[in-house]
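For reference, the structure discussed in these notes is given below.
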Amino acid sequence: MDLSFSAEEQTFRAELRLFLADKLPPEMADAVRLGRGLSKQDHQGWHAILNAQGWLAPNWPKEFGGCEWGAVQRHIFEEECARAHAPRIVPFGLSMLAPVLQKFGSKAQQDHYLPRILSGEDWWCQGYSEPGAGSDLASLTTKALRDGDHYVVNGQKTWTTLGQHANWIFCLVRTDPTVKQQAGISFLLIDMDSPGIEVRPIILLDGSDEVNEVWFSDVRVPVENLVGEENKGWTYAKYLLTHERTNIAGVGFSQAGLAAVKRLARSQQHRGRPLIENPHFAARVAQVEIDLMALSTTNLRIVSAAAKGQAPGVESSMLKVKGTQVRQEINDLARRAAGVYAMPFASEAVQGSNEAPIGPDGTAAVAAQYFNNRKLSIFGGSNEIQRNIIAKVKLGGGG
Amino acid sequence: MNFELTLERQMMQDSLRRFLSDRYTTQVRNDLLDSDAGFSADIWAQLAELGILGALFAETQGGYGGAGFDLAVVFEELGRAGVVEPLLDSAILGGGLIAAQGSADQQKLVEQVIAGSLHLALAHGEPGSRYDLPHVETTASQQDDAVILNGCKAVVVNAEAAGYLIISAREYGAPRDEAGISLFLVPSDASGLSMRGYPLLAGGRAAEVVLDRVTLPVSARLGAAGAGYPALAERAAAASVALAAETLGAMETAMALTGDYLQVRQQFGRPIGAFQALQHRMADLLIELTQARSAVINAAGHLSAEPRLRDLHISAARNLVARVGRLVAEDSIQLHGGIAMTQDYALAHFAKRIVMAEHRFGDADYHLEQFIDLTAT
């Protein structure tokens, strides 16, 4: 056991801090810090900055142009990026699709798509959930019927995050309705410019429009856009879920969020004293911080084991549940800290605007974020599904 | 002991519930939320016609209710329907302060409030006051027959619609002293009064109000100079009864929506309500909801008690309802899944009403501290 960072790791952290201080545009960091929405250009700009440095794909193997960093390096990277209020790396192409292509895609698919993900030429979105297939994803009904050299796709996907920016979507589609649900699903890459695709925004309860419905009517997809084998899509989807959730605990986000809560609580007055000195509020903050310190180590333990080849299964479920609980608790603290200034609807903060926000610095988006981040325990396999996995593996002797 | 509502209150509850379930649909509400005014003048007029505004005032004030249980019955129904119209601001706070403190001339405005023709707003909280009721830095200085107000007021709900603002200002004493606070009845178009309006996350509108040498006749004072605090505290208690009852009603709806959805939503070949893990969570929520109703009853039943006893029950109810409210709002969303995250689905609005009610007149921690202070000796 040794809890200290090595000299190399400390050097890496210092190098990262210099890079972020030098290259992260301050207006971008402000937008992240204050919870303002980021434009497509913001995301693409940040990706380009990281790509120029060679740091856009921390988890990719070197042969595909990635960093191939170990667990600790990635942890440091996530921690420092969150601390500097860097935009998160949009994960759909980089950490969701790419590992699947690297493991199961053809050489031609790897050569074509992977460089375009790094360069920003393609923006991918995810077509998994459907109105009738959420937690029970395997019951999905979007059909892909073979017609010569094409599949013809019909159906509807939903909760497609940032689909409005995407030019490509990776989808789970049903190619065989006659077999057991999981055995009739394929993994298909679809050009969003294909005729028959319609994207409709879903307005969320905080007023944001980050998720969409995607409708497919007789969309023709070339067969070479099939990843791996037909009807093996469920295996690939599960691989994606268990292997590439390195940041599932969101430790960096929580650390940045907790720091923001403390800043806010120092600036807010409660009965003539800074709120941070109030014993009830301070106890709430301390409780979360204690959980977060342990979570950080839990995360490192699990990610380190994964780096040695032990595929995390049930452990990533544990990280998801505890990680989202901690993040949501921090969102709740921020809402409390803002007091009456949690009440304004920060449409400027959600949509981005030059108008000064209402209330003290850092309060404008806290309530919207509190509501928006209720999604954390729902998407990517709800926390109930994660508990089922944990119970099945740890109590049921299965898995 | 008798936990039945009087016949009059039952009738009021029935007619209000029927009116709102007919008229205040999710579509109507969502349109209102997107509108510039933030609420419906038409619904407001009909609520007045139904006598709902009058039910919030005592007979001596021109109404026919005004007791804690009247407020609780009305606001539970408003909460149940997710109403965003500013009854709290125009009637309980604004109208209530004028009725309690006003001169004969000033009291004539109460009649207009009850008739639905006048809106009011209480401009009391300040950017630095948080929930601290006696924290008033806005100053009032008397010069001969005039009083001059200077200061800033934060998140003044319903300010833009209000014909008059009731503004608290300090005539003497330190910023957190209870003594020295006066109330003023100020026309919203008074010279030197400016406001920046904005929508609220859970519906309705508010404004940041700046008072720059607002000059008033001394007759604009509501009640005696420097003696406004007890009236403010009494109305804050009434507002807390209303908010707790509204949250209770909103929680009832959130639970009903969730219960229905658990029966309808199919995953893994059966309704998700068939899963015991979800059944147990619903059972826990129902236990908490039952507790919340009792806390609201305790608060409503003590609204006219002496201040210490009153505030003890008020803070107990606000603390409990805030805790239960967060649980109900968050679990209702979680039990639904993604659908509850969308603005078009009714639950979104109820979850926001429930959670954001905690940000008016004190959150769970504030009321916990109040309760500790009141019970320590």
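The values are calculated or read from the model by the stated rules, or taken from the named source; none is laboratory data. The structure displayed is predicted, hence computed values, not measured ones. With ideal geometry, Cβ positions are generated from the backbone for all residues, glycine too; neighbour counts draw on all protein chains shown. Just so you know, the surface numbers come from the protein's heavy atoms only, side chains and all, with ligands and any DNA or RNA stripped out. Shrake-Rupley method; radii C 1.70, N 1.55, O 1.52, S 1.80 Å.
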From B:ILE314, B:ILE354, which residue is within 14 Å of chain A (Cβ to nearest Cβ), in a helix (DSSP H, G or I) and either surrounded by 24 or more Cβ atoms within 10 Å (Cβ to Cβ) or in contact (Cβ under 8 Å) with a residue 60 or more places away in the chain (or both)? B:ILE354
Can you go through B:ILE92, B:ILE52, B:ILE98 and tell me which one is in a loop (DSSP other than H, G, I, E, B), modelled with pLDDT of 95 or more and under 20 Å from the mean Cα position of the chain (by Cα)? B:ILE52
Criterion violated by A:SER119 - all others in (1) in contact with a helix residue (DSSP H, G or I) (Cβ under 8 Å, 6 or more places away or on another chain); (2) open to solvent by less than 50 Å² (accessible area, probe 1.4 Å); (3) modelled with pLDDT of 95 or more satisfied: (2)
Report yes if some residue within the range A:81-98 is within 25 Å of A:PRO222 (Cβ to Cβ) and open to solvent by 20 Å² or more (accessible area, probe 1.4 Å); otherwise report no. yes
Against the conditions (1) without any contact (Cβ under 8 Å) to a residue 60 or more places away in the chain; (2) within 17 Å of the chain's Cα centre (by Cα); (3) assigned to a loop (DSSP other than H, G, I, E, B), where does A:ILE248 fall short? Just the number, please. (1)
When every residue in the range A:155-168 that is within 18 Å of A:GLY134 (Cα to Cα) and part of a strand (DSSP E or B) is compared, the one farthest from the other protein chains (Cβ to nearest Cβ) is A:GLY155
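Each row is one residue, and each column tells you yes or no for (1) open to solvent by 40 Å² or more (accessible area, probe 1.4 Å); (2) within 14 Å of chain B (Cβ to nearest Cβ); (3) in contact with an Asp or Glu (Cβ under 7 Å, 6 or more places away or on another chain); (4) farther than 30 Å from A:ALA98 by Cα.
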| residue | (1), (2), (3), (4) |
| --- | --- |
| A:LEU241 | yes, no, no, no |
| A:SER254 | no, no, no, no |
| A:ARG263 | yes, no, no, yes |
| A:ARG271 | yes, yes, yes, yes |
| A:LEU275 | no, yes, no, yes |
| A:ALA282 | no, yes, no, yes |
| A:VAL288 | no, no, yes, yes |
Condition first: under 30 Å from A:THR363 (Cβ atoms), buried (at least 21 other Cβ atoms within 10 Å of the Cβ) and away from every other protein chain (no Cβ under 14 Å). Can you find one or more residues in the range A:296-308 that meet it? yes
Since B:ALA41 meets every condition but one in (1) within 21 Å of B:ALA206 (Cα to Cα); (2) at pLDDT below 95; (3) open to solvent by 10 Å² or more (accessible area, probe 1.4 Å), which condition does it not meet? (2)
Can you report the number of residues in the range B:104-123 which are open to solvent by 10 Å² or more (accessible area, probe 1.4 Å) and in contact with a strand residue (DSSP E or B) (Cβ under 8 Å, 6 or more places away or on another chain)? 4
If you check A:GLY45, A:GLY37, which single one turns out to be open to solvent by 20 Å² or more (accessible area, probe 1.4 Å) and modelled with pLDDT under 95? A:GLY37
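Condition check ((1) within 14 Å of another protein chain (Cβ to nearest Cβ); (2) more than 28 Å from A:HIS112 (Cα to Cα); (3) open to solvent by 30 Å² or more (accessible area, probe 1.4 Å); (4) not in a strand (DSSP E or B)) across all residues:
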| position | (1), (2), (3), (4) |
| --- | --- |
| A:CYS171 | no, no, no, no |
| A:PRO177 | no, yes, yes, yes |
| A:LEU189 | no, no, no, no |
| A:ASP193 | no, no, yes, yes |
| A:VAL199 | no, no, yes, no |
| A:ASP206 | yes, yes, no, yes |
| A:ASP209 | yes, yes, yes, yes |
| A:ASN212 | yes, no, no, no |
Within the bounds of the range B:178-199, is there any residue that is open to solvent by 20 Å² or more (accessible area, probe 1.4 Å), within 14 Å of chain A (Cβ to nearest Cβ), in a strand (DSSP E or B) and touching a residue at least 60 places away in the same chain (Cβ under 8 Å)? yes
What is the number of the single condition among (1) in the same structural domain as A:CYS171 (by TED's automatic domain parsing); (2) open to solvent by 40 Å² or more (accessible area, probe 1.4 Å); (3) free of Cβ contacts under 8 Å to residues at least 24 places away in the same chain that A:ALA133 does not meet? (2)
Got a number for residues in the range A:94-124 being of a type outside the set (Val, Ile, Thr) and either within 20 Å of A:THR175 (Cα to Cα) or touching a residue at least 60 places away in the same chain (Cβ under 8 Å) (or both)? 16
Within the range B:208-252, how many residues turn out to be surrounded by fewer than 24 Cβ atoms within 10 Å (Cβ to Cβ), farther than 20 Å from B:ASP132 by Cβ and small (Gly, Ala, Ser)? 5
Is there a residue in the range A:203-220 that is within 30 Å of A:HIS150 (Cα to Cα) and touching a His at 6+ places or on another chain (Cβ under 7 Å)? yes
The lone exception for B:LEU71 - which of (1) open to solvent by 10 Å² or more (accessible area, probe 1.4 Å); (2) touching a residue at least 40 places away in the same chain (Cβ under 8 Å); (3) not polar (S, T, N, Q) it fails: (1)
Identify the residue in the range B:270-311 that is surrounded by 15 or more Cβ atoms within 10 Å (Cβ to Cβ) and β-branched (Val, Ile, Thr) and, among all such residues, is farthest from the other protein chains (Cβ to nearest Cβ). B:ILE297
Given the range A:6-95, what helices (runs of 4 or more DSSP H) lie entirely inside it while holding 3 or more residues that are more than 24 Å from A:LEU319 (Cβ to Cβ)? A:7-23, A:26-33, A:40-53
